[in-house]
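All remarks here apply to the structure that follows.
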Amino acid sequence: MNQIQTELVINLFTLSLQQLLYRWKVYPEQCFEIRTAVGIQLHSLKESILTDYITQIKNQFKAMIDILSGIEILILQEDEILQRLVIRFEVNKKQNTDQELSVFDKDIQLKTVMHQLLTRLCKVKPKENDKTFKIRFISNGAENQQQEIQEQLLTNWVIVKSEDKVQNELVSSINLPNLDILVGLE
């Protein structure tokens, strides 16, 4: 995955996570501020220990992106899953194309997906009970090749094997040269 494709997936994950945390009231409204990203207003976490934690997750995700086929964000209340957002991505290395994705095209794609996600999340009516979130990486099987990566994953993350797919309602998809991204919401 090239740098622009990686940035697109990471930004999609980070922006989606923050919208879910805000909409489900996992953290108080005071923890968020409205910022403009890709031309739309989104809720963003204010600088805090929580943003440091999200940055740490984002950096680990970026470091392992080549052995993943997706990521899940779960909003939980006790042991019940209230909402699941799945971002799946696949690099098509067989497709020979010299066509590069511009930053403008990347932003347009991201804006479209975020707008569709926000439209779906507007229907959420959270109760005032305590909620948490969980991040689960979806393996593409490459971690079986490298012992060091296997140990890091087992220590730090919940890994879902590729065959453990859950049916989700498609929110949006991005089809780019050499990269397909599906965003599903349950």
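The values are calculated or read from the model by the stated rules, or taken from the named source; none is laboratory data. Fair warning: this is a prediction, and the values are worked out from it, not measured in the lab. For neighbour counting, all protein chains shown are included, and Cβ atoms are generated from backbone atoms with ideal geometry for every residue, glycine included. Just the protein is used for accessible areas: all its heavy atoms, side chains included, with ligands, DNA and RNA removed. Shrake-Rupley method; radii C 1.70, N 1.55, O 1.52, S 1.80 Å.
For segment 50-63, indicate whether the set of residues that are of a type in the set (Val, Ile, Thr), open to solvent by 50 Å² or more (accessible area, probe 1.4 Å) and more than 20 Å from Cys122 (Cβ to Cβ) is non-empty.
Within segment 50-63, the first condition is being of a type in the set (Val, Ile, Thr), and the residues that meet it are 51, 54-55, 57.
After this cut, where a residue has to be open to solvent by 50 Å² or more (accessible area, probe 1.4 Å) as well, the list is 55.
Next, only the ones that are more than 20 Å from Cys122 (Cβ to Cβ) stay: 55.
Taking every residue of segment 50-63 in turn, at least one turns out to be of a type in the set (Val, Ile, Thr), open to solvent by 50 Å² or more (accessible area, probe 1.4 Å) and more than 20 Å from Cys122 (Cβ to Cβ).
Any chance segment 23-34 includes a residue that's modelled with pLDDT under 90 and farther than 26 Å from Asp180 by Cβ? Working first, answer last.
Just the residues of segment 23-34 that are modelled with pLDDT under 90, to begin with: none.
For segment 23-34, residues modelled with pLDDT under 90 and farther than 26 Å from Asp180 by Cβ: absent.
Leu74 passes all but one of (1) modelled with pLDDT of 90 or more; (2) over 14 Å from the mean Cα position of the chain (by Cα); which number fails?
Every condition holds for Leu74 apart from (2).
If you take just the strands (runs of 3 or more DSSP E) that sit entirely in segment 87-184, which of them hold at least 1 residues that are at pLDDT 75 or above and open to solvent by 70 Å² or more (accessible area, probe 1.4 Å)?
Values: elements: 132-139, 158-160, 169-176.
Per the criteria, 132-139.
Just to be sure I understand the filter: pairs with C-beta atoms under 9 Å, separated by 6 or more residues or on different chains, first member in segment 20-41 and in contact (Cβ under 8 Å) with a residue 60 or more places away in the chain, second member hydroxyl-bearing (Ser, Thr, Tyr) and open to solvent by less than 60 Å² (accessible area, probe 1.4 Å). Which pairs pass?
Pairs that qualify, where the first residue is in contact (Cβ under 8 Å) with a residue 60 or more places away in the chain and the partner is hydroxyl-bearing (Ser, Thr, Tyr) and open to solvent by less than 60 Å² (accessible area, probe 1.4 Å), are Ala37/Ser44.
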